[in-house]
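These notes concern the structure reproduced below.
The values are calculated or read from the model by the stated rules, or taken from the named source; none is laboratory data. Just so it is clear, the model here is predicted, and its values are computed rather than measured. Backbone-built Cβ (ideal geometry, glycine too); neighbour counts: all protein chains shown.
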Amino acid sequence: MPLYSYVVLLAFTLLGVVFFFQAVRIRSEGSEFMGKPSIDKYYFFSGKVAIFTTWALFILKAIMPKTGYFPSPVFLCWIAAGILWIGVIIVIFSIVGLGGSLKVGLPREETSLQTKGIYLLSRNPLYLGIYLICIASCLYFIDLINIVFTIYGVYIHHQIIKGEELFLTRRFGKDWTNYTAQVRRYL
């Protein structure tokens, strides 16, 4: 396996470990990890499947570099690995910043509006990081199916964000409105 494959696998391992410990922490606090989808549940879950499929293809290509119809040039693999690491770091800071408010979907219980740390730079850094990982996957594993899953997953997650923003407007009112005036949706 080339060195960049190990770099990719290390990034996904780190992301998996952080996510696992955060999920365990949330469960140990008695909180539910699954929330209510912010859009139709078919689209919500199909968007999640699309995103995780691109990640699985990324990992598959790292483990078996000869996978796929088109070989990725070495320089593109290194660029993809760099973008992956940026995305992973953003996702990790987002997960840690959300703390107990981290949910798959809208929280059922009371939560607080997160506006500190990485949330000073973006209202949706978690999704921004996820998008970067998907883009890196397309550069690393050049395949039409990967690109289609990425486009679909990003589109659906943008719709999820719009649904979450309606929820946040209702839940936090003026605090949310003030926050949106100061911090952009993505960057």
Q. How many residues does region 50-74 hold that are assigned to a helix (DSSP H, G or I) and either touching a residue at least 60 places away in the same chain (Cβ under 8 Å) or touching a strand residue (DSSP E or B) at 6+ places or on another chain (Cβ under 8 Å) (or both)?
A. 12
**Q.** Filtered residues of region 41-73 (kept if in contact with a helix residue (DSSP H, G or I) (Cβ under 9 Å, 6 or more places away or on another chain) and of a type outside the set (A, V, I, L, M, F, W, C))
**A.** 43, 46, 47, 48, 53, 54, 61, 65, 67, 68, 69, 72
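Only one of 72, 46 is at pLDDT 95 or above and of a type in the set (Gly, Ala, Ser). Can you tell me which? If you could, list the steps in order and put the result at the bottom.
Working: 72 fails: at pLDDT 95 or above.
Going through 72, 46 in turn, the sole match is 46.
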Q) Does residue 139 count as surrounded by 18 or more Cβ atoms within 10 Å (Cβ to Cβ), more than 18 Å from residue 102 (Cα to Cα) and either in contact with an Asp or Glu (Cβ under 6 Å, 6 or more places away or on another chain) or not aromatic (Phe, Trp, Tyr) (or both)? A) yes
Q: Could you tell me whether any residue of region 6-28 is in contact with an Asp or Glu (Cβ under 8 Å, 6 or more places away or on another chain) and within 22 Å of residue 156 (Cα to Cα)?
A: no
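So which residues in region 157-187 are of a type outside the set (Phe, Trp, Tyr), in a helix (DSSP H, G or I) and over 17 Å from residue 35 (Cα atoms), if there are any at all?
We begin by selecting, within region 157-187, every residue of a type outside the set (Phe, Trp, Tyr); these are 157-166, 168-171, 173-175, 177-178, 180-185, 187.
If we keep only those that are in a helix (DSSP H, G or I) too, we end up with 157-166, 168-171, 173-175, 177-178, 180-182.
158, 169, 173, 174, 175, 177, 178, 180, 181, 182 - these are the residues of region 157-187 that are of a type outside the set (Phe, Trp, Tyr), in a helix (DSSP H, G or I) and over 17 Å from residue 35 (Cα atoms).
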Q: Answer with yes or no whether residue 46 is touching a residue at least 24 places away in the same chain (Cβ under 8 Å) and either on the phi < 0 side of the Ramachandran plot or part of a helix (DSSP H, G or I) (or both).
A: yes
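Restricting the search to region 75-121, which residues are of a type in the set (A, V, I, L, M) and in a loop (DSSP other than H, G, I, E, B)?
Those that are of a type in the set (A, V, I, L, M) and in a loop (DSSP other than H, G, I, E, B): 102, 113, 121.
Residues checked against (1) surrounded by 21 or more Cβ atoms within 10 Å (Cβ to Cβ); (2) farther than 24 Å from residue 59 by Cα:
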site: 105; (1), (2): yes, yes
site: 113; (1), (2): no, yes
site: 116; (1), (2): no, yes
site: 122; (1), (2): no, yes
site: 125; (1), (2): yes, no
site: 151; (1), (2): no, no
site: 167; (1), (2): no, yes
site: 183; (1), (2): no, yes
Q) Applying the selection to region 12-29, what residues are part of a helix (DSSP H, G or I) and of a type in the set (D, E, K, R)? A) 25, 27
Q: With the checklist (1) charged (D, E, K, R); (2) part of a helix (DSSP H, G or I); (3) more than 24 Å from residue 135 (Cα to Cα) in hand, flag the one item residue 32 doesn't pass.
A: (2)
Q.
Out of the residues in region 20-67 meeting the condition of being surrounded by 13 or more Cβ atoms within 10 Å (Cβ to Cβ) and of a type in the set (S, T, N, Q), tell me which one is nearest to residue 108 (Cα to Cα).
A. 31
Q: Kindly indicate which of 12, 70 is farther than 23 Å from residue 168 by Cβ, of a type in the set (Phe, Trp, Tyr) and surrounded by 14 or more Cβ atoms within 10 Å (Cβ to Cβ).
A: 12
